[in-house]
Amino acid sequence: MIRVALRGLAGRKLRASLTAFAIVLGVAMVSGTFVLTDTMNGAFDSIISQSYKNADVVVSGKTAFDTDTNGNAVQAPSFPETLLPKVRALPDVKAAAGSLTDNKTKLVGRDGKLVGGHGAPNLAFSVEPRSDQRFNPLVLTSGRWPSGAKEVAIDSGTAGNKHYKVGDTIGIQTRGPVQQFRVVGVVKLPGVSIGGATMSVFDIPTAQMLFHRQGRLDVIRVQAKSGVPTPKLLSEVRAILPSTVQARDVAAQEKRDKKTVNFTSFIQYFLLAFAGIALFVGSFVIANTLSITIAQRVREFATLRTLGATRRQILRAVVIEALVIGTLGSVTGLFLVLGLAKGLNALFKVLGFDLPTAATVFKERTVIVSLLVGIVITLLASLRPALRATRVPPIAAVREGAILPPGRFARLTPILSLITLVLGVLLLGYGVLGHGLSTANRLGSLGFGIVLLFFGVSANASRLVRPLASVLGWPATRIGGTAGVLARDNTMRNTKRTASTASALMIGLALVTFVAILGQGIRSSFESAVDDLLRSDYALTSTDTFTPLSVSDERALAKAPNVTAISGVRAGSARILGKTDNLTGVAPNMAQVIHLRWKQGSAAVPSQLGSDGAFVDHKYAKKNHLTIGSPINIETPSRDRFTVLVKGIFKLPNGGSPFGPVTISNANFDAHYPSPENEMVFVKVRGGVTDANTATLEHQVKGFADAKVQTASQFKTNFEKPLNKILILLYVLLLLSVIVSLFGIVNTLVLTVFERTREIGMLRAVGMTRRQTRSMIRHESVVTSLIGGALGMAVGFFLALLVTHALSSEGIVFAVPWLTLLGFVLATVVVGVIAAIFPARRAAGLNVLAALQYE
Amino acid sequence: MSETIAMPAVAAAEPAPTGPVVSAKDLTRRYGEGDTAVDALRGVSLEVPSGQLTAVMGPSGSGKSTLMHILAGLDQPTSGEVAIAGINISKLGDSDLTKLRRRHIGFIFQFFNLLPMLTAEENVLLPLSIAGEKPDPKWVMELLGRIGLTDRRAHRPAELSGGQQQRVAIGRALVSKPTIVFADEPTGNLDSTTSGEILELMRSSVDAYGQTTVMVTHEPRAAAIADRILFLDDGLIVKELGRSEAHDVISVMEELAGS
């Protein structure tokens, strides 16, 4: 029987490989995700361990917390450089070197624009040019180490991309306008690409001056004399450290550093979720394709039964087929993976998330998990068709045109489908609207609810096929004539088959529709919040809108003659009431540029904050039981602790505000943060927005390559850019499952053409042209995919309605991006047309005589 | 797939070689309900003796196919009982019926029902491989020789003529030496020359191996090879002949059509 199954499969190579294709993409996505994130982790690990080359003990300033609310590492406070000679003087120290690092020092190209950006870090380091570089992770590819003011070494990536070589001049911008430096060396980290990041290297005095850390160091790397155990060295070093500075052995230091790059696990989960969706869609396609092939093989199964095959043997034969198909698809997916991992990385790069990479990491786990997932999903999907196959009675062997008998629970199917649908809706409703659910419970009922919803819609869809096909098939009958009419009627012939083919596409479309509507909701609530809050003419932000700007940019802009009010919003992270959060600062004149609605206090609050005042938003106040006069304890990353008192509570607008939960005065902020930064600066000018005013402001910050002057409306659209990027990323990732469902349509059509060979021969015999035959198949494909699209959009609408309702307290409104949805409809038509290419060609290529005699 | 299943207790008792291989009592079969009900069989009793070729003749709609389906355990009678090799099959469940088929029944179909992906030899051996039994090479050689496909054993059905395909099917029905072979219009899909060859082959297998065979046909020429001919009309056995010439069969048929 195994042989029968395998031979059968070999005899239906095309069908088998079409079926296998349904999981190839999903499996490739799973393994691609693993390869990509493993490779990134490998790169980060290698960067981290290289940076402590030859060091046994690392000395650094103590921080209150390691990462900010975005998961980025906070800059540790510096310490006096006088510590270095003391460390060097310790008896067991063989060598020690001090260094500085900074992530605010940017390279500026010849065009006056920042090199890199898009959120990739701008790294800056110090070197001791005359030392033996034993601790230096960087290697020179040309030139020499910088020595003295106005000398820099840059990374080989920048040198290559921007055509810099030793002897050229490059702009450096840090806490002030751009300065010109001479490139004296080009460096790289051996064995690792640093992605979109840039590096600049200075000697220690220059670094201290640029980073505003005169006379100070960030890190001391210490090497023990040979034979000295690290713990001994560690306790010697610790004995001489002031209380604000710590020493760790290199293993502990690496462990701590690796904690700050754990975002790769987020990327992994994120991508795996989309792989899961593609596999889910794939399982629909496999179940459908197998159902059709089994229906076409009723006589074969019946014959086997008359020859003495048991039901169990039939079940086994089908399951073995599925096993082979699953293995085939999974292995192919695994092979595709290297390409896909590169593709994913390229996608991230295009969207501005350029991440470090090193040698591709292909772990055993990747192979095992991918194969297992692909095979198990195929097997699960094959179970129902396989059980149906066992129901074929032996007598079907002698009946002409025998059809697959209904399943044992066929009578219950309509009720079960309805129950599934209702259960799915209820679970979703519970997950979205239920009060006081734990996150795990909420996510669990949401995930389960969505899966049930998809199953439910798919199971009930066969009843909607007729009405949908007659509406959506109308254009086909107009355009295609008789071929179009036949095509529409063909989709109604086997409503179950059409429904399950369309259902695969439904899933992808439901999700893109959901994403599009949700995105539009976020966008419009953000826009209305900006319209509500913003009273300024212009805003100054960094060129990528999000990276904070040094306060020197604001100071420069303040000198513009047309400015009537300028108000910067400081931002930084802090531990507030025991939790890491964003702390913001405002100028006394804030009320002139931003209009807040005050629940307690008045518009005068920002001007009255002084050195101990703060205002908070009403949600934060409610959550933490804060009223006017409540004290708030704040600790900066450098462990600077202070207390402020609540002086005002404002109503947080639905679309958010520029402020963190707690806002203090800029004066107070600057007193506690060593290099304060603005997240944005609002400006009012005489005469409002005019070209002349714009030009004046731009001229004023010309020396600041990292800053961008924009009008209030430009500011709005700039802030939406990252949202749009995320939407595009989601669309591209969901496209994968749409492609999988496209394969599903191809499968169904190929099998249908195969099944209707005689009929097509007859149509051709009575005068249907090849062109008409092709058009008939194409229209059938388009009508099927439009049915999937219609179902999907309806489900997407429903999901979006549910979620926006649940998020209405967060200010997300239900807004429909009609143009985008129209685009989806067109995309659905395109999917149908593409899916039909191959089956239509097969149908048109049939030999009329042979087709008529086909049995 | 090697699937050896324990023989059921009912099948363990070997049938007496001289007793009837198949016996049916008062078989009725009604399709549908109420006004639209059709009685395909209206009380048929018969016995098939061992080692003979029995033909069931009748015009279309006479109930002859229904009778064969019920005798072979493919369909259930509305009332009445069927025993094969002494086993009452009317009350057997699916798995006991499957065991019965493996041991006692061979099938020959009008449309051959060969598996297209298997070679001629593999198709012949299929019942054994389904049952997980090892073929006896001598028997297989002998059988392939008898069906005349020794040199075409590696061909697939698509590469064989209709007659050759039906020869493969006959080989498949004989390979497990079943107690009885049921043939459903074995020549119904073949031209007359080929039909003659196939009938000759069937007759010779009865003569050479004593293979008990029941054949349903509407062709007098086919019935003429039988040891015994049962005439069915309107759901009842109306006449029985011994070995007869084709023209005798034709005259009985004409008689039936005229009545």
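Coordinate-derived values only; no laboratory data. As the structure is a prediction and not an experimental result, all values here were calculated from the model. As a convention, Cβ positions derive from the backbone with ideal geometry for all residues, glycine included, and neighbour counts pool all protein chains shown.
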(request) Using only alpha carbon pairs under 8 Å that are at least six residues apart, calculate the relative contact order of chain B and give it in whole percent. (result) 27
(request) Just tell me how shielded A:3-15 is by partners: mean number of partner chain Cβ atoms within 10 Å of each residue's Cβ, no decimals. (result) 3
(request) Measure nothing but the geometry: give the 0 to 90° angle between the long axis through the Cα atoms of A:250-259 and the longest principal axis through the Cα atoms of chain A, rounded to 10°. (result) 60
(request) Express the Stokes-Einstein translational diffusion coefficient of segment A:137-201 in µm² s⁻¹, to the nearest whole number, given a Kirkwood radius over alpha-carbon pairs, 25 °C and a viscosity of 0.890 mPa s. (result) 206
(request) Just rank B:252, A:593, fewest to most, by other beta-carbon atoms within 10 angstrom. (result) B:252, A:593
(request) Sequence neighbours fewer than 8 away in the same chain don't count; with that in mind, list the lysines whose C-alpha is under 23 Å from residue A:106. (result) A:150, A:162, A:165, A:188, A:349, A:702, A:708, A:721
(message) Please list, in order, the residues from segment B:198-213 whose amide nitrogen is less than 17 Å from a point placed 7 Å along the Cα→Cβ vector of residue B:47.
(response) B:212-213
(message) Restricting to Cα pairs below 8 Å that are 6+ residues apart, what does the relative contact order work out to for segment A:54-259? Please round to a whole percent.
(response) 34
(message) What number does segment A:502-612 give for Rg over Rh if you use C-alpha atoms and the Kirkwood radius?
(response) 1.12
(request) Could you grab the relative contact order for chain A? Cα pairs under 8 Å, six or more apart, rounded to a whole percent. (result) 17
(message) Once you place label points 7 Å from the Cα toward the Cβ at residue B:35 and residue A:493, how far apart are they in nm?
(response) 3.3
(message) As an exercise, use a Förster radius of 25 Å and the Cβ-Cβ distance of residue A:225 and residue A:141 to find the FRET efficiency, rounded to the nearest 0.05.
(response) 0.15
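Quick one: what do you get for chain B if you divide its Cα Rg by 2.2 N^0.38 Å?
1.00
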(message) I'd like the mean, over residues of B:128-135, of how many other protein chain beta carbons sit within 10 Å of each residue's own Cβ.
(response) 3
(request) Would you mind working out the magnitude of the charge dipole of chain B relative to its Cα centre, with +1 at each Lys and Arg C-beta and -1 at each Asp and Glu C-beta, to the nearest 20 Debye? (result) 720
(message) If packing is taken as the average count of other Cβ atoms within 10 Å, what order do A:54-66, A:763-775 fall into, highest mean first?
(response) A:54-66, A:763-775
(message) Between helix A:495-533 and chain A, what is the angle of the helix's C-alpha long axis to the longest principal axis, kept within 0 to 90° and rounded to the nearest 10?
(response) 30
(request) Let me know the mean shielding of B:97-107 by other chains, meaning the per-residue number of their Cβ atoms within 10 Å of its Cβ. (result) 4
(request) Starting from the Cα of residue A:255, step 7 Å along the direction of its Cβ; do the same at residue A:728; then give the gap between the two resulting points in nm. (result) 4.2
(request) Please compute the net charge surrounding residue A:208, taking Lys and Arg as +1 and Asp and Glu as -1 over other residues with Cβ under 15 Å from its Cβ. (result) -1
(request) Treating each Cα of segment A:1-122 as an identical point scatterer and ignoring solvent, apply the Debye formula and state log10 I(q)/I(0) at q = 0.15, 0.17, 0.23 Å⁻¹. (result) -1.02, -1.16, -1.34
(request) Determine, for A:184, A:222, A:376, the number of other Cβ atoms within 10 Å of each Cβ, and report the residues in order from fewest to most. (result) A:376, A:184, A:222
(request) Note the angle between two axes, namely the Cα long axis of helix A:311-350 and the longest principal axis of the Cα atoms of chain A, as a number of degrees from 0 to 90, rounded to the nearest 10. (result) 30
(request) Provide the gained length on full extension for the span residue A:717 to residue A:849, in nm with one decimal, where the gain is 0.36 nm per separating residue minus the Cα-Cα distance. (result) 41.2 nm
(request) Work out how much length residue A:349 to residue A:642 would gain on full extension: take 0.36 nm times their residue separation and subtract the Cα-Cα distance, in nm to one decimal. (result) 101.3 nm
(message) Considering only C-alpha atoms, what is the centroid distance from segment A:661-740 to segment A:472-514, in Å?
(response) 46
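So how do A:501-514, B:218-231, A:165-178 stack up, highest first, on mean other-Cβ count within 10 Å?
Working: A:501-514: 29.0, B:218-231: 21.9, A:165-178: 17.6.
The peptides rank, most packed first, as A:501-514, B:218-231, A:165-178.
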(request) Please grab the % of Cα pairs in the protein assembly as shown that end up more than 50 Å from each other. (result) 47
(message) Percent of Cα-Cα pairs more than 27 Å apart in segment A:548-705, please.
(response) 25
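Given +1 on the Cβ of Lys and Arg, -1 on the Cβ of Asp and Glu, and no further charges, what dipole in debye does segment A:548-705 carry about its Cα centre, rounded to the nearest 20?
520
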